[in-house]
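Working notes, structure below.
The values are calculated or read from the model by the stated rules, or taken from the named source; none is laboratory data. Values in this document were obtained by computation on a predicted structure and should not be read as measured data. Cβ: placed from backbone, ideal geometry, glycine included. Neighbour counts: every protein chain shown. Note: areas computed on protein heavy atoms with side chains; ligands, DNA, RNA excluded. Shrake-Rupley method; radii C 1.70, N 1.55, O 1.52, S 1.80 Å.
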Amino acid sequence: MNPVVEAVTARIVERSRASRAAYLDLMARQRDAGTNRPNLSCGNLAHGFAASGEDKPVIKSGKAMNIDIVTAYNDMLSAHQPYGRYPEAIKIAARECGATAQVAGGVPAMCDGVTQGQAGMDLSLASRDVIALSTAIALSHAMFEGVAMLGICDKIVPGLLIGALRFGHLPAILIPSGPMPSGLGNKEKVRVRQLFAEGKAGAAELLEAESASYHGAGTCTFYGTANSNQMMMEVMGLHMPGAAFVNPGAKLRGELTRAAVHRLAAIGWHGGDYRPLSRCVDEKAIVNACVGLLATGGSTNHAIHLPAIARAAGILIDWEDFDALSAAVPLIARIYPNGSGDINDFHHAGGMSFVIGELLDAGLLHRDIMTVARSGLSGYADAPVLEGDAVMWKPAGASRDESMLRPAAKPFAPDGGMRLLEGNLGRCVIKTSAVDPARWVIEAPCAVFETQDDVLRAFKAGALDRDVIVVVRFQGPRANGMPELHKLTPALGVLQDKGFKVALVTDGRMSGASGKVPAAIHVTPEAATGGPLARLADGDVIRVDAVAGALTTTADLASRLDAPRPPEPVGTGRELFAFMRADASGAEEGASAMLASAGL
């Protein structure tokens, strides 16, 4: 193993010793003391299979696995629309191997692409806790011996996994739906967006470009949070190998889903290959997820989601772990917004099987984790193919396009490009993998705002046509739910293209699509809890230094009072989530009221 990866893993194990032991003890007690079907009364059980049709005799007998389907299906979102027909296919596949399946619960699946820049975005991160709670409700019926999770996008996969981990005595598999086919090229999409930001293109032209980009069923094709989710599930061994990026509707997609159900039926506790989720998601699997994220230039949102997932399994990680791993893990993929090709190009170039094979050979991934597949993580270096009607796995071979996927021995960059910044403005993360190295250090007077709409008004008025660090504060988990500020990307990109030194500093999130403008994000402590951003004023000089790992100002903040906190957000249902904002943990701990209140 790479010595840095080994050392980071060891310190996570030591840091988590007590909490991990308590979690595993709880999982053992749940299996043995009642969170299972044999302990249901006759009345309980009869309610559970009353409407199960042809599956009723098998469920009634209690002699075969009953699979809980937790689904994020809706037909408004492209990524989740394919899930509409999955439950029936899963039930058929379960019957093939003597098992049964029931849809026990649905979880919300909101889209940051629809809510970006709107009031609804304030509910985005909170939806992860709602999804986790909804998953727990589905599993609370104790009717099940396995879990098939249908979800793919930003908060959905972390939420499903957090909820399922509290029932970690059960085996579980995540079943993706795949990315939509490629549409309008990313460079053209960005060009039209920036023209619109400058007033040089109209809404009709912009809508046409966006519609040509987001045009069918499946995940968005850029490498944002949704596709980073799928990458992480593969390196953690929670998918069938190679399942992440096969397009919806493909025969291989359907056969991988069928194979996942057959495999889930084989890893229950009545067989000889019991693989509970609690044992699959251990410290090594969490480190693998971090390594995969860094090696592929994945979403910054996972600097929040991974600590939350880990805590649900009794594992404690922090941004220093990310930073240390980033220094040791080479960047071997360039997928838009870090490169020109999209996720389909990445998949065709070799995709996850190539990435996992390279990282295993370089000693950067833990090979000895418990995966849902019989082969262990080594089998994830093989790519799925159809031979007749059967799925087979074969070695991935060399990269078929080294402009976007390279061997670990000759990477695009020697590090993973996600760094911890610290200083008198707090702690934060910055993603450098898509940023020109000439812009890794920006020092300039700041312009302070409390909403992204105020930033855009200043941009349109020409007030930001200068070297400037844009500060957007009161965007943290306790202020307004920590929305993404991706709406600012085109405007900041225009300023940078004009030759100005530009950066963003915020206690909010940026996006899984963080791109060419340096962005110091997730600043903690946040302004709403008295963090230093609350005492900044227009004109204060800030230094964002991704080389030295520093976020500092020359201003004397100690002599100032905090700026008044904006009123609590209301409308669009935001007032209903006030209790979540009030108790949310900090960004580095996962930004979760649910986990904080549970003492996790």
Members of region 457-485 that are among the aliphatic types (A, V, I, L, M) and free of Cβ contacts under 8 Å to residues at least 60 places away in the same chain: Ala458, Ala461, Ala463, Leu464, Val468, Val470, Val472, Leu485
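Yes/no per residue for (1) in contact with a Ser or Thr (Cβ under 9 Å, 6 or more places away or on another chain); (2) small (Gly, Ala, Ser); (3) modelled with pLDDT of 90 or more:
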site: Ala94; (1), (2), (3): yes, yes, yes
site: Ala109; (1), (2), (3): yes, yes, yes
site: Asp122; (1), (2), (3): yes, no, yes
site: Val130; (1), (2), (3): no, no, yes
site: Met143; (1), (2), (3): no, no, yes
site: Ile156; (1), (2), (3): yes, no, yes
site: Leu161; (1), (2), (3): yes, no, yes
site: Leu165; (1), (2), (3): yes, no, yes
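For every residue, the table says whether it meets (1) out of contact with any Gly (no Cβ under 7 Å at 6 or more places or on another chain); (2) β-branched (Val, Ile, Thr).
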residue	(1), (2)
Pro395	yes, no
Leu421	no, no
Ala444	yes, no
Val455	yes, yes
Phe459	yes, no
Counted residues, region 349-387 - those being part of a loop (DSSP other than H, G, I, E, B), open to solvent by less than 10 Å² (accessible area, probe 1.4 Å) and either of a type in the set (Ser, Thr, Tyr) or farther than 23 Å from Glu283 by Cβ (or both): 2
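Yes/no matrix, rows are residues, columns are (1) of a type in the set (Asp, Glu); (2) open to solvent by 40 Å² or more (accessible area, probe 1.4 Å); (3) part of a helix (DSSP H, G or I); (4) at pLDDT 95 or above:
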{"site": "Val8", "(1), (2), (3), (4)": "no, no, yes, yes"}
{"site": "Glu14", "(1), (2), (3), (4)": "yes, yes, yes, yes"}
{"site": "Ala22", "(1), (2), (3), (4)": "no, yes, yes, yes"}
{"site": "Ala51", "(1), (2), (3), (4)": "no, yes, no, yes"}
{"site": "Asp68", "(1), (2), (3), (4)": "yes, no, no, yes"}
{"site": "Asn74", "(1), (2), (3), (4)": "no, no, no, yes"}
Residue count, region 568-586 (criterion: surrounded by 14 or more Cβ atoms within 10 Å (Cβ to Cβ), more than 17 Å from Ile304 (Cβ to Cβ) and of a type in the set (A, V, I, L, M, F, W, C)): 0
Failed criterion for Ala491 (all others in (1) in contact with a Phe, Trp or Tyr (Cβ under 7 Å, 6 or more places away or on another chain); (2) surrounded by fewer than 21 Cβ atoms within 10 Å (Cβ to Cβ) hold): (2)
Residue within region 431-442 that is closer than 22 Å to Leu294 by Cβ, in a strand (DSSP E or B) and not β-branched (Val, Ile, Thr) present: yes
Count of region 76-92 residues which are in contact with a strand residue (DSSP E or B) (Cβ under 8 Å, 6 or more places away or on another chain) and either charged (D, E, K, R) or in a helix (DSSP H, G or I) (or both): 5
Filter result for Thr219 (of a type in the set (Ser, Thr, Tyr), touching a Pro at 6+ places or on another chain (Cβ under 7 Å) and touching a residue at least 12 places away in the same chain (Cβ under 8 Å)): yes
Qualifying residue in region 259-282 (condition: of a type in the set (Asp, Glu), assigned to a helix (DSSP H, G or I) and touching a residue at least 60 places away in the same chain (Cβ under 8 Å)): no
Some residue of region 30-47 being buried (at least 20 other Cβ atoms within 10 Å of the Cβ) and either in contact with a Leu (Cβ under 8 Å, 6 or more places away or on another chain) or at pLDDT 95 or above (or both): no
Residues that are open to solvent by 10 Å² or more (accessible area, probe 1.4 Å), touching a strand residue (DSSP E or B) at 6+ places or on another chain (Cβ under 8 Å) and either among the charged types (D, E, K, R) or not in a loop (DSSP other than H, G, I, E, B) (or both), drawn from region 288-333: Glu320, Asp323
Top-ranked residue in region 494-544 [being among the acidic types (Asp, Glu) and open to solvent by 10 Å² or more (accessible area, probe 1.4 Å); ranked as nearest to Cys111 (Cα to Cα)]: Glu526
Hits in region 164-189 (condition: of a type in the set (Lys, Arg) and open to solvent by less than 10 Å² (accessible area, probe 1.4 Å)): Lys189
Residue in region 435-488 that is surrounded by the most Cβ atoms within 10 Å (Cβ to Cβ), counting only those that are in contact with a Leu (Cβ under 6 Å, 6 or more places away or on another chain) and of a type outside the set (A, V, I, L, M, F, W, C): Arg473
In region 257-286, the residues that are of a type in the set (A, V, I, L, M, F, W, C) and over 22 Å from the mean Cα position of the chain (by Cα): Ala259, Val261, Leu264, Ala265, Ala266, Ile267, Trp269
Every residue from region 469-493 that is more than 22 Å from Met110 (Cβ to Cβ) and basic (Lys, Arg): Arg473
Region 197-214, subset touching a residue at least 12 places away in the same chain (Cβ under 8 Å), in a helix (DSSP H, G or I) and open to solvent by 30 Å² or more (accessible area, probe 1.4 Å), residue farthest from Leu488 (Cα to Cα): Ala212
